[in-house]
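Only one structure is covered here, and it is reproduced in the block below.
Here, each number is a calculation from the coordinates, and none is a lab measurement. Just so we're clear, the structure is a prediction, and the values are computed from it rather than from any experiment. When we count neighbours, we look across all protein chains shown, and the Cβ atoms used for this are built from the backbone with ideal geometry, even at glycine.
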Amino acid sequence: MTRDPDRFLGEEVDQLVAAELDWKLRVLGGPSSPWCTVDGKKVLMFCSNNYLGLSNHPKLKEAAIEAIRTHGVGSGSVRPIAGTMDLHVELEERLARFKGAEASLVYQSGFATNSGLIPQLVGEGDLVISDALNHGSIVDGVRLSRAERSVYKHCDMDDLARLLDEAEHHAPNYRRILIISDGVFSMDGDIAPLDRIAALGAEHGAMVYVDDAHGEGVLGDGGRGIVSHFHLGRDRVQVEMGTFSKAFGVVGGHISGSKNLRRFAFNKSRTWLLSGSHPPAVAAACIAAVDVLEHEPEHVERLWRHTRRFKTAMRDLGFDTGQSETPITPVIVGESSKARRMSERLFELGVFALPIVFPMVAKDRARIRTIMNAALSEEDVTFAIGAFEKAGRELALI
Ligand SMILES: *Cc1c(COP(=O)(O)O)cnc(C)c1O
């Protein structure tokens, strides 16, 4: 048998291309701002996770530049050896205060957080119970653990209660039980019933872990996230996980909770221990992002004002916008090919929004996923609604 490594690379991608499951990369020629240059064309950004426009906020940019002047461009090491700078420590203190938690810990990314921490929280003899639509980084973190896995139907609390009851009668008894859920689900924009998850967790002595990547900067008091949104006590949700790469506008993952959680996490998470820490500019920009959220509440307010206006307008036009309760608004169009055509037409009309198709969503539920942005002006929102109306009529969707 002859092996040709390059051939299998090409063949496997060709299969994806044939099934229309490959990614075609769009390239931004400048910052992720409301009007940006994508593949050389000026368009309205309608699909970035930069909810509050912070990725191009002057205070964040200044903080990053200043940190390069004072601390250089690299941290020089992993956090536990020589890669913890005063900026990393300050960020964790500021974030914990913002979240109203005893302590926070910052990882390189949200993915590194889930894939590094989950396999330490549970192992052999433990059970992890996960929502069916949880993010891939949770799925991978769970796979890396040696725990038994159960999946409950998306946001279905009866199903979760049933699995917890079954777990009580399991012999031998599980050592630990971990319930884990996204806070906001990124394909539909619906919110996990964290109040009920937390109540079930308390009833059954299970640990509750919420991944609030799409809830931070969006939900709760001043964008403090889903735990604040449901007014839950810290004792009810043991791990509040999030990311600096979405509403915070930079990059990085984090957890907030008790002092013991922080000590446990940094002594055991392999991603945290074995991969280089953030450059000082990243830590400084993240501190500035927390600062902006604390002192400029208008960004979160504008985000919600635009969101309400856009959702109402889309429904009035006759679009199906699903179950969303957040600034993620899916515009459901049906078949995958329709979603692709709609996205292409919107791009021609000057709006950049991506199609989400099978297998990410059901075959007949393909959609354009829009994400609102606080940095848009009222006129920009009007422009986007106009483009959706035009494209929707041309494709006979409305
Ligand atoms: C984006 C996302 C992540 C990954 O976060 P990064 O910081 O980009 O690695 C994890 N979980 C959820 C739910 C996400 O949406």
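How are the alpha carbon pair distances in segment 114-269 distributed across 10 Å bins from zero to the largest one, expressed in percent?
11, 43, 37, 8, 1
Quick check of the Kirkwood formula: for segment 138-209, what is the inverse mean of 1/r over all pairs of different Cα atoms, in Å?
Its Kirkwood hydrodynamic radius stands at 13.0 Å.
Would you mind checking 41/311; 338/390; 338/363; 24/338 for any pair whose Cα atoms are more than 19 angstrom apart?
Check vs 19 Å cut-off fails for 41/311.
Using square roots of five times the C-alpha gyration tensor eigenvalues, list the equivalent-ellipsoid semi-axes of segment 180-249 in whole Å, biggest first. All intermediate terms of the calculation are to be shown ahead of the outcome.
Details: eigenvalues 81, 28, 22 Å².
Ellipsoid semi-axes (Å, largest first): 20, 12, 10.
In angstroms, what radius of gyration and Dmax does segment 213-304 have, counting Cα atoms only?
Rg, Dmax (Cα atoms, Å): 14.1, 40.
Loop only by DSSP, 11 or fewer other Cβ within 10 Å of the Cβ. Give me the trypsin sites (Lys or Arg not before Pro) in segment 141-231 that pass, ordered by residue number.
Values: sites: 143, 146, 149, 153, 162, 175, 176, 196, 224; in loops: 146, 153, 175, 176, 224.
Hits after loop and neighbour filter: 146.
Segment 47-157: D in µm²/s via Stokes-Einstein (Kirkwood Rh, Cα pairs, 25 °C, 0.890 mPa s)?
144 µm²/s
So how far, in whole Å, is the C-alpha centre of segment 14-91 from the one of segment 188-216?
When both Cα centres are located, 28 Å separates them.
Starting from 0.36 nm per residue, how many nanometres of slack lie between residue 73 and residue 24 once their C-alpha separation is accounted for?
That pair, residue 73 and residue 24, stretches by 14.5 nm at full extension.
Quick check of the Kirkwood formula: for the chain, what is the inverse mean of 1/r over all pairs of different Cα atoms, in Å? The partial results should precede the final answer.
Numbers: mean 1/r = 0.0448 Å⁻¹.
Kirkwood radius, the chain: 22.3 Å.
Using the Kyte-Doolittle scale, which helices in the chain average at least 0.0 and also have C-alpha atoms spread 18 Å or more along the helix axis, with helices defined as whole DSSP H runs? Let's see the in-between values first.
Details: long enough: 5-18 (20 Å, -0.24); 58-71 (19 Å, -0.47); 86-99 (20 Å, -0.71); 280-295 (22 Å, 1.40); 298-317 (28 Å, -1.37); 336-349 (20 Å, -0.91); 378-394 (24 Å, -0.45).
Helices meeting the span and hydropathy rule in the chain are 280-295.
Report the FRET efficiency, 1/(1 + (r/R0)^6), for residue 203 and residue 320, where r is their Cβ-Cβ distance and R0 is 51 Å, rounded to 0.05.
Rounded to the nearest 0.05, the efficiency is 0.90.
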